[in-house]
Every structure is written in C-alpha cells, then in structure tokens.
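Following: one structure in structure tokens, then a few remarks.
The values are calculated or read from the model by the stated rules, or taken from the named source; none is laboratory data. For clarity, every value in this text was computed on a predicted model and none was experimentally measured. Don't worry about glycine lacking a Cβ; one is built from the backbone with ideal geometry, like all the others, and counts go over all protein chains shown.
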Amino acid sequence: MREASRIACLSGAIVFGLLLSSCSDPAAEADTVAGEPGAIRGILRSGTADYFDEERSEKVYALQRKDGSLLPLQFSGRPDAMRGSDILVWGTQRADGLHVEKVKVVTEVERGGIGQQRSSLIDPPVLTPPIKAAFVSVSATYTKAMLDARITRDDFIKPVMEVSSYGRWTTEWDVYGPLMIPNDCGGSFYDNIGKNGVAAMQAAGIDTSQYSQIQFLLGSSFTSCSWGGFGLDGHTPIRTDGQRGQYNPWSYVKGDGEGVMVQEIGHNWGLAHEHFCPNSQTPWPKCPGYVEYGSPFTPMASGNNVYLNAWERIQMNFFSGCNVLTVGTSGTYDIGSISLPCDGPQVLRIKADNGETGDFQRYYYLEYRTPIGIDKTNGVLVHYSADIKKGGWTQCDWGGPDCPEDYLINPIGSTRQDALFPAGTQWTTPQGVGIKIVSLGETATFELSFPTPGDGPTCLDGEAWDCKAPVCKGSTGNVGTGGGAPSGCTPDAGTTDAGGGTTTDSGTGTGGSGGAGGSDGTGGATTGAGGTAGDESGCNCSVPGQSASRGWAALTAAAALATGARWRRRSRAKTRS
Ligand SMILES: [Zn+2]
C-alpha cells in the first residue's frame, strides 16, 4: 500500500514535475480538511484537447492531490475557481470522476507580475538557462530525418517563441525517435501517452530527467486519441521577469504544423485559443457563427507562419509596463509594431464593457503588426479580452472552454480573415469610442475620440504614462504623423507644473515626427517645479531615433546589434516585482 502510494506520488511528480516542490508521504497528508466535512482538497488543473477538424476543443479537469495523484473532475458549468488555485471540492464520485457540486477556494492562483517590468525591452534580459526540451516521435512513419528537419525550420517552437518574446523565451531541443509506445490514450489528462513515452525513452537509454518539456508526435495512426493535439494547461501569468512561471511538461500532437506544435506547448505555458464571432464587437461563446479557432493571426488559433499576438504576449509577460497603454481620453496615439522590441506604447487598451459589477472586465486591445521572419501580417488587429490585471476570470461566459477568453474582432466586416486593418480604417465601439487608424509606417498612429473623457493614459503597471512616443529597435526615428501628446497623459510624472493635475493637452504637432537627436537623449533639464521623481528628459515627446535603419533581421541575432540610441529613462524605485 505504501509502495503503491509512492508510485502514485512519483507518477504525479513526473506529470507535474515542475509544479511540485516535494512529494511527501501521502499517508501523512490527508486530502480531507478539518471543519469541511466531505471536502477533498487539491490544486485545480486543466488540459485542452483540440479537435481541429471539428472546430471544437474540450476542457478536461482534475484535482491534483497532495500525493501528486489526479482525481478527474466533472463540472456542469464554469468552475468557480481558476486553474492553479488550491481548492476544496464536494461532489459525487462516478466512473468518470468526481461530479463537482461545490467548490471553495482556499488560495487563489497568483496573479502578480504582469506588467511590472520596467526595464527596457529593446535588449531584454534573456531567460537562462534555456528550457531543455525534447521533440519525440512515437510514430513509425515520422522518422529521425523528419525530426531533424523539423526543428531547423523557422516555424519550429524555438524560433517562434524567441521572436514572440523579443529573444527572451529561450529553449534548447533534442529529438528522438521513432520510439514505439502502445496505442493507449487513457489516463488522467491522457497521461498514459506521457508515461509510456517516457518509459520508451528510458528504455532507449535516454536520460529523461534532463528535460523540462517533452512534445510527443503521435502521427495519424495513433487512433486511440481522437483529438488532434492535447496540452496540459499552465497558469497565467507566466512571469518572465527572471522567472519562467509555472508550466507543464507534456504535450501531444498528431501533426507537425506550427499551429499544432506551438499551440499545444502554448497551452502548457498557460495560453488559450483566440475565438471569433462574425459581425460582433462584443462576442461570446454562444454567438451565431462562433469560431473556436478564430484567428489566422496566431498559432493559438488557426494560424501558421505567424507569431503570438499582443494579448498572448501580455499573458506571457513579454511586455513592460508602458508597452501596454490603457487609454480613456481623446487624442492622437502612436504605437510601435509588436514585431519589434520597443520602449513605449505597443498596445492600446480601451474599455469595452462595464462587466456585471462595473469594473471593466473586458477591453479592446489594438495591436500593430509588421512583417518579420515567417510572419507576413501587416496591419492592425483588434482583440477583445479580459483584464489580465484583475485575473480576468470572474465573468467569463461559460460555454467556451477558455477563461480568460480572447477574441479577434472585426468591427467593419464579417470574416476573421479580413480582420487586419490598413490605414484609413475607422469604426466606433459600442461604447461610442471613435477609433481611426490615421497612418501606418514605422509606428501606427490612431485618432481616438471618447464621448466622455475618462482617466488619463496609464501603463499596465498602473503608473501614469509619461507621454513618450515609442522607440523601437532599428527605428529611423521617423515616427508617426499625428504628433502631439494626447490629452490626459502626465508629462513628467512627479514633476508636473504647479497647480497641475488637470490634463495638459500639450497640443498637436509638437512632437511625434521625431528624428531629431540621435545621441543619447537631449534631456537633463528637470522641468517643472517641486518635482520629486526628477524625470530628466522632460516631456517633449520627441524621439531620439537612430540615424539609420539597421536592417534588423532576426531577433536571435539581436544581441549582436549595437544598442544604438538609448532613450533616457528615469530610474524608478520599483523595477522588479
Ligand atoms: Zn488548443
């Protein structure tokens, strides 16, 4: 009995090897709780099974008990807890698991870390050591030569994540196979595949303990699984501020397209699908024409030869505080392309609905993407998604499997393929916010008009925006056409003019065109009186651009590039969370 428990513990530790810090004696740690009769305690885990051919996915749930073992859970609706939370469950045990009748959260999953990074993104610190990973064929027809060829392609997981993360998210891959395993899709989260796969690797003399992640290529002959791919869900936020966060080790794919391979390991890292509702700016899972894999612009939906979208990069913490700007005041805003690492705004976030409690759980996220590497996307994309800062889970519509939900929006048409907008496009949100794409070049310039002024622009970390236009790697300084700081931004936060506090509306045409400078900033003059923080650059919103484009070719080579112009930045006390 004790031995059986130890084996269960070990198998759990393999499944959740990165989530468990230790595996203590299960006999000493009951899953029952004093004062909560009938409750079972554990961590809520989930996995995503992708039935690509059927345009649907399925969420499976389990409770990870202290001994590492998994108790399958069946929910009749949305679970009242976020995955990764420490919960108590009550329910009725049946053949397919515990049918949950009640959930009580003991400890919510950690949500911190998002947008707290204040360091420059232009040459972001690289996460070390790289995640050591293996791509393993368990299909007789997927040969070693095919494995070797696959990992060298530009749409393999490694380069896709490196480009999407501005060089941060580093991985190292080995390939093995083909190895033979039973055609067995059983187990919690289908983990017989992982267990059999690891056993086959070990039988072949491979030290599996060196790998934090393994993706198994099953091939189409693995008929016991009817899905096209499966990934255990990690938890957002995945933190990159020197940390990897929590993620899961195994993912399974039938085919080897980017949209399958990256998607399943993306689930491991906590990412969900992006959906689409035709003709709707306020989509939900029950909309007419709902599309589960609703975006051709991300591998987390139906995209191939594309990188992660802005919402996914926010969840992965690939953006710093002011890369994501929440705006509520009318004006002209410039954002950099998300294809390049930038200091300053790259994503505009606009309140989309009040939520049931008036706390704005959903936002529109405006993203500008320019061609780079395998991704030829060129234009503006709009996402409708949760407020990640608040967790974003509390008002998810049950019916779709993902929470927080992410939707691609087409406010001027009906198809998702056409949801990529050129300059000149304009529309009005259901909240009456007018959005116009004025121009697209090195940056995207938007004109926003709010029916009633809201809060001044704030960065994702909650700090007021300092009015500075984006400066991106390889920028020529030829930024924007609209110029001028939008009303409501806070130039020189901490050094506002006496009697300030009102919006400054520093006028149009005073900046934005940039190109001046070229040296390491022109600042130095502390403007305003009584400043406390002592911003040294002043808010002229000009851009000390680089003198010439450097033909920024690939992010993997970014480290080799000269740093070029550095934007003077105030040093903030809060640099790391
Ligand atoms: Zn999926």
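Odds and ends about this structure:
- Verdict on residue 67 being closer than 23 Å to residue 195 by Cα, in a loop (DSSP other than H, G, I, E, B), of a type outside the set (Gly, Ala, Ser) and more than 16 Å from the ligand (Cβ to nearest atom): yes
- Of all positions in the range 282-294, at least one carries a residue that is touching a helix residue (DSSP H, G or I) at 6+ places or on another chain (Cβ under 8 Å) and either at pLDDT 95 or above or surrounded by fewer than 23 Cβ atoms within 10 Å (Cβ to Cβ) (or both).
- Flag if residue 307 is in contact (Cβ under 8 Å) with a residue 40 or more places away in the chain, surrounded by fewer than 24 Cβ atoms within 10 Å (Cβ to Cβ) and among the hydroxyl-bearing types (Ser, Thr, Tyr): no
- Tally, over the range 133-153, of residues that are surrounded by fewer than 14 Cβ atoms within 10 Å (Cβ to Cβ) and touching a residue at least 60 places away in the same chain (Cβ under 8 Å): 2
- Residue 320 vs. criteria surrounded by 24 or more Cβ atoms within 10 Å (Cβ to Cβ) and away from the ligand (no atom under 14 Å from the Cβ): yes
- Of all residues making up the range 36-71, the number that are in contact with a Leu (Cβ under 7 Å, 6 or more places away or on another chain), surrounded by fewer than 20 Cβ atoms within 10 Å (Cβ to Cβ) and closer than 24 Å to residue 265 by Cα: 1
- Residue 256 surrounded by 19 or more Cβ atoms within 10 Å (Cβ to Cβ), part of a loop (DSSP other than H, G, I, E, B) and among the acidic types (Asp, Glu): yes
- Considering only residues in the range 214-234 that are within 16 Å of the ligand (Cβ to nearest atom) and either in the same structural domain as residue 50 (by TED's automatic domain parsing) or modelled with pLDDT under 95 (or both), the one that is surrounded by the most Cβ atoms within 10 Å (Cβ to Cβ) turns out to be 232.
- Test: residue in the range 246-256 that is farther than 30 Å from residue 431 by Cβ, under 20 Å from the mean Cα position of the chain (by Cα) and away from the ligand (no atom under 16 Å from the Cβ): yes
- Residues located in the range 394-414, provided they are modelled with pLDDT of 95 or more and either surrounded by fewer than 18 Cβ atoms within 10 Å (Cβ to Cβ) or in a loop (DSSP other than H, G, I, E, B) (or both): 410, 411, 412
- Inclusion of residue 430 among residues that are at pLDDT below 95 and part of a loop (DSSP other than H, G, I, E, B) is warranted.
- Per this entry, residue 290 is not counted among residues that are within 16 Å of the ligand (Cβ to nearest atom) and in contact with a strand residue (DSSP E or B) (Cβ under 6 Å, 6 or more places away or on another chain).
- Output for the range 116-142, where each listed residue is within 19 Å of residue 251 (Cα to Cα), touching a Pro at 6+ places or on another chain (Cβ under 9 Å), assigned to a loop (DSSP other than H, G, I, E, B) and of a type outside the set (Phe, Trp, Tyr): 138, 139, 140
- With respect to being within 16 Å of the ligand (Cβ to nearest atom), within 21 Å of residue 60 (Cβ to Cβ), not acidic (Asp, Glu) and not in a loop (DSSP other than H, G, I, E, B), residue 300 falls outside the description.
- Among the residues listed as 89, 60, the single one being in a strand (DSSP E or B), within 16 Å of the ligand (Cβ to nearest atom), at pLDDT 90 or above and out of contact with any Ser or Thr (no Cβ under 6 Å at 6 or more places or on another chain): 60
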